[in-house]
């Protein structure tokens, strides 16, 4: 239970940072096949918090290495989005990064 409380406390501590960071990422259009700008933004954000071991592999995957050792943790996530379609159907710009 102690670990769960620590995680909950950290998530509360970083909730504004997390929301603002996600908002910044959403502002960068990253349609499938055109992810380079959002990769650059992720690297910029990572660098701003002290992460600097980024590389992009031959398939366009962004890889970050933290620490050293025999054990590896891999997180796989999409950074691309589907086309927005007809923008008149949206209540607000899907790339505005609006936080409500």
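The values are calculated or read from the model by the stated rules, or taken from the named source; none is laboratory data. No experiment lies behind these values; they were computed from the predicted model shown. A quick note on method: Cβ atoms are made from the backbone with ideal geometry, for glycine too, and the neighbour counts reach across all protein chains shown.
Can you pull out the residues in segment 64-85 that are part of a loop (DSSP other than H, G, I, E, B) and in contact with a helix residue (DSSP H, G or I) (Cβ under 9 Å, 6 or more places away or on another chain)?
Hits for segment 64-85 are 79, 80.
Could you grab me the full set of residues in segment 15-34 that are surrounded by 10 or more Cβ atoms within 10 Å (Cβ to Cβ) and more than 18 Å from residue 97 (Cα to Cα)?
The answer is 32, 34.
Anything in segment 33-63 that is in a strand (DSSP E or B) and under 12 Å from the mean Cα position of the chain (by Cα)? List them, or say none.
62
Can you name the residue in segment 38-53 that is modelled with pLDDT of 90 or more and touching a helix residue (DSSP H, G or I) at 6+ places or on another chain (Cβ under 8 Å) and is also surrounded by the fewest Cβ atoms within 10 Å (Cβ to Cβ) among such residues?
Going through the qualifying residues, I end up with 45.
From (1) surrounded by 12 or more Cβ atoms within 10 Å (Cβ to Cβ); (2) free of Cβ contacts under 8 Å to residues at least 60 places away in the same chain, pick out the condition that doesn't hold for residue 1.
(1)
Listed here are the residues, each with its yes/no results for (1) free of Cβ contacts under 8 Å to residues at least 24 places away in the same chain; (2) touching a strand residue (DSSP E or B) at 6+ places or on another chain (Cβ under 7 Å); (3) closer than 19 Å to residue 54 by Cβ.
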| site | (1), (2), (3) |
| --- | --- |
| 11 | yes, no, no |
| 15 | yes, no, no |
| 26 | no, no, no |
| 31 | no, yes, no |
| 42 | no, yes, yes |
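Mind checking which residues of segment 86-100 are within 20 Å of residue 34 (Cα to Cα) and in a loop (DSSP other than H, G, I, E, B)?
Matches in segment 86-100: 86, 93, 94, 95, 96, 97.
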